[in-house]
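Before any comments, here is the structure.
The values are calculated or read from the model by the stated rules, or taken from the named source; none is laboratory data. From a predicted model like this one, the values you see are computed outputs, not experimental measurements. Counting neighbours? That spans all protein chains shown, and the Cβs are built from the backbone with ideal geometry, glycine included.
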Amino acid sequence: MKHELCFQLGVITKKIGHDGRVNLSLETDTPNAYIKTESVFLEIHGKLVPFFVTSFRLQPSSQAHIKLEDIETVEDAESLVGTQVFLPLTMLPPLNGNKFYYHEVIGYSILDKTSGSLAGIVTEVTENGPNDLFVLDAEGEEVLIPVAGDWILKVDREARQIQMNLPEGLIEVNKKGNKSQADDGDDVADV
């Protein structure tokens, strides 16, 4: 399985007991959707390796205690601490309305309702601390705009577009090639 065909379900954070069980810290808003997971992929030495799940028990605070086939000892379990756990993208629950997965909107058009124009095509979505960003191709120029829920008016999956109400001038200000006017010769971070 290739990384681009998967999403990260979580990370193994510690061993549980003496029979090879581990604690999985889940990175999902819907932990109940994965209770019946039969297999997972663990990232080992940069590759995704399949493991069958023999037990999956949800715990409070987005945690799960899982038992993987062929992981039988404390040492086996300890060797997995820090390992990222993945599932195929096909296992993501479908979303409706204005909710979307970041990988889903790659290639979507962003339409600015305020100006009535095409802001650009989504080439990626980057996680950037508190404000994730759409990275757009706007006629060959890279534009960064926040993924702000208040600005998203409609996600049209059929038309592959997102209608947004962008503040006036945002596109021009957020073109990646824009440099600060106060450039005194030092390196200036692109916005």
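Might you check whether a residue that is within 19 Å of Glu168 (Cα to Cα), in contact with a Leu (Cβ under 9 Å, 6 or more places away or on another chain) and surrounded by 14 or more Cβ atoms within 10 Å (Cβ to Cβ) occurs anywhere in the range 95-110? Yes, there is a match, as at least one residue in the range 95-110 is within 19 Å of Glu168 (Cα to Cα), in contact with a Leu (Cβ under 9 Å, 6 or more places away or on another chain) and surrounded by 14 or more Cβ atoms within 10 Å (Cβ to Cβ). Kindly indicate the residue of the range 115-129 that is β-branched (Val, Ile, Thr) and loosely packed, with under 15 Cβ neighbours inside 10 Å and also farthest from the chain's Cα centre (by Cα) among those meeting that condition. Per the criteria, the residue is Thr123. Total residues in the range 17-31 satisfying the condition of being at pLDDT 90 or above, surrounded by fewer than 18 Cβ atoms within 10 Å (Cβ to Cβ) and either among the aromatic types (Phe, Trp, Tyr) or farther than 10 Å from Gln63 by Cβ (or both): the figure is 4. Scanning the range 86-106 for residues that are among the hydrophobic types (A, V, I, L, M, F, W, C) and under 13 Å from the mean Cα position of the chain (by Cα) yields Phe86, Leu87, Leu89, Leu92, Phe100, Val105, Ile106.
Yes or no: the range 38-54 includes at least one residue that is touching a helix residue (DSSP H, G or I) at 6+ places or on another chain (Cβ under 6 Å), surrounded by 15 or more Cβ atoms within 10 Å (Cβ to Cβ) and modelled with pLDDT of 95 or more. Checking the range 38-54: not a single residue is touching a helix residue (DSSP H, G or I) at 6+ places or on another chain (Cβ under 6 Å), surrounded by 15 or more Cβ atoms within 10 Å (Cβ to Cβ) and modelled with pLDDT of 95 or more. Cβ-Cβ contacts under 7 Å between residues 6 or more apart (or on different chains), taken from a first residue in the range 91-104 that is of a type outside the set (A, V, I, L, M) to a second residue that is part of a loop (DSSP other than H, G, I, E, B), are listed as Pro93/Thr30; Tyr101/Leu92; Tyr101/Leu95. Take the residues of the range 56-94 that are small (Gly, Ala, Ser) and at pLDDT below 95: which is surrounded by the fewest Cβ atoms within 10 Å (Cβ to Cβ)? Filtering first and then ranking leaves Ser61. Somewhere in the range 146-163, is a residue β-branched (Val, Ile, Thr) and farther than 18 Å from Gly97 by Cβ? No: the range 146-163 contains no residue that is β-branched (Val, Ile, Thr) and farther than 18 Å from Gly97 by Cβ. Checking each residue in the range 130-147 for being more than 17 Å from the chain's Cα centre (by Cα), acidic (Asp, Glu) and surrounded by 12 or more Cβ atoms within 10 Å (Cβ to Cβ) picks out Asp137, Glu141, Glu142. Residues that are assigned to a loop (DSSP other than H, G, I, E, B) and not polar (S, T, N, Q) within the range 26-49 comprise Glu27, Asp29, Ile35, Lys36, Glu38, His45, Gly46, listed in sequence order.
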